[in-house]
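Report on the following structure.
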Amino acid sequence: MKVSKTIKIVVVAVAVAAFATQSAFASGVSIQAGGSSFDATLLNTCKVAWQTSTGNTFTYNSSDSGTGQKNQEAGIFDANFSDSGYVPTKSSVLNIPLVMAPIAVIYNLPGSKPLYLSEPTLSDIFAGKVTKWNDAEIAADNNQSIHSIVYAKNKDGSIKKNKTGAPVVLRTVNTKRYYTLPNQTIHLVVRSDASGTTKNFVTLFTKTNSDVWTKPVDKTFANVFPGVINGAGNIGRIQAYSGSTGVSAGLSATPYSIGYAEVSYATGKLRTAFLGNANGDYASPTAANTSAFVAGAALGSTGLYSFNYKTTTPGAYILGIVSYALVDSAASGSSAAAMTNFLKYVASAACANTSPNYAAESGPVAAYVATLLAKLPTK
């Protein structure tokens, strides 16, 4: 089944008012979730209106996807979040795909010129094959005619989509670019913890550059990195931090660095790169470009996504991520009912409308998610 969404894609699993089920449980209930730092911005933004309406409180304990999965196995918190596929021990634990967004390639370079990176160049940078900003590979990407896509819009300003969910192309723009990059060492900033963001990030390389990225995909970057991460030339050049917040802080503190995290962590002087795709154009981590990429994804029978990293869909941004709510459908009581209500709100247009970076979705995936949410306790 093909699916499509937009940046911070929040699947509309139910077409009811955001708090229609609030009367099914008592007010004054405190619930908690934990796991993926990728989801922290979304959940902490959406909780404000939910708390005001219901009289309940939601606390998110941001860490990483590996911790989210371990928490769920141990019965810690009312729900957890993970950015990678997870097979729970208990059959009653559901993986509910609620959030999708691009993984941004974030960099700290002087000046204001945007950075363009083809997929092979990006792979070589993070594999340690390209270690200087003025390397010939990076220079080639940034001194050429760049193709970018402009999408058609509806009257309300939203992106127009075709029947597959991909944005409708209005025109292609060709721009000649010149960028002299500095003769400086590239400092890599990566995750130190077991991160679903990392697993999704390196999956791109293992799928498209398997001759270089030969190790099994893993949630820890050091376990997948080609060669010896603490070898000569890498000590001090590759820095590892816990969580997306740590990566953002590391990038901000390290000139000439590059790393990866969810878009909202590119703050202050940090910027996000344009990535090349198999269609020959370069795309930034925007709503429309992520939607174009996801239009070529498949949703398996277990609810896990499979992405086509070699898609030729115009404007596709090739780094996407799905985050799953991990929740036990066998739970009961007021906390379980309150969590069900909160997850339905996260899946609604009301949550999506809390930020211009979020967009609601409908269609077959929404119907699938609705069946999962319907299995959760409401009282």
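Data for the structure
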{"item": "Selection within the stretch 183-209 - touching a Lys or Arg at 6+ places or on another chain (Cβ under 9 Å) and over 17 Å from Tyr241 (Cβ atoms)", "result": "Asn183, Gln184, Thr185, Thr206, Lys207, Thr208"}
{"item": "Filtered residues of the stretch 279-309 (kept if in contact (Cβ under 8 Å) with a residue 12 or more places away in the chain, touching a Ser or Thr at 6+ places or on another chain (Cβ under 7 Å) and of a type outside the set (A, V, I, L, M, F, W, C))", "result": "Asn279, Asp281, Tyr282, Ser284, Pro285, Thr290, Ser291, Gly296, Tyr309"}
{"item": "Matching residues, the stretch 233-252, being closer than 13 Å to His187 by Cβ and in a helix (DSSP H, G or I)", "result": "Val247, Gly250, Leu251, Ser252"}
{"item": "Pairs, first without any contact (Cβ under 8 Å) to a residue 40 or more places away in the chain in the stretch 81-107, second polar (S, T, N, Q), C-beta under 6 Å, six or more apart", "result": "none"}
{"item": "Number of the condition not met by Ser158 [criteria: (1) open to solvent by less than 20 Å² (accessible area, probe 1.4 Å); (2) of a type in the set (Gly, Ala, Ser); (3) out of contact with any helix residue (DSSP H, G or I) (no Cβ under 7 Å at 6 or more places or on another chain)]", "result": "(1)"}
{"item": "Residues that are open to solvent by 20 Å² or more (accessible area, probe 1.4 Å) and assigned to a strand (DSSP E or B), drawn from the stretch 175-215", "result": "Thr175, Lys176, Thr185, His187"}
{"item": "Candidate set from the stretch 224-247 (those that are open to solvent by 30 Å² or more (accessible area, probe 1.4 Å) and under 28 Å from Ser264 (Cα atoms)); member that is nearest to the chain's Cα centre (by Cα)", "result": "Thr245"}
{"item": "Flag if Lys90 is in a loop (DSSP other than H, G, I, E, B), open to solvent by 10 Å² or more (accessible area, probe 1.4 Å) and under 30 Å from Gly75 (Cβ atoms)", "result": "yes"}
{"item": "Residue check, Asn143 surrounded by 14 or more Cβ atoms within 10 Å (Cβ to Cβ) and in contact (Cβ under 8 Å) with a residue 12 or more places away in the chain", "result": "yes"}
{"item": "When residues of the stretch 161-174 are limited to those that are assigned to a loop (DSSP other than H, G, I, E, B) and surrounded by 10 or more Cβ atoms within 10 Å (Cβ to Cβ), the one modelled with the highest pLDDT", "result": "Val168"}
{"item": "Residue count for the stretch 41-63, restricted to those that are open to solvent by 10 Å² or more (accessible area, probe 1.4 Å) and either in a helix (DSSP H, G or I) or touching a strand residue (DSSP E or B) at 6+ places or on another chain (Cβ under 7 Å) (or both)", "result": "15"}
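The values are calculated or read from the model by the stated rules, or taken from the named source; none is laboratory data. Since the structure is predicted, the reported quantities are computational estimates derived from the model, not experimental observations. Every residue, glycine as well, gets a Cβ built from its backbone with ideal geometry; the counts of neighbours run over all protein chains shown. When the accessible area is computed, the model is the full protein with side chains, heavy atoms only, and any ligands, DNA or RNA have been set aside. Shrake-Rupley method; radii C 1.70, N 1.55, O 1.52, S 1.80 Å.
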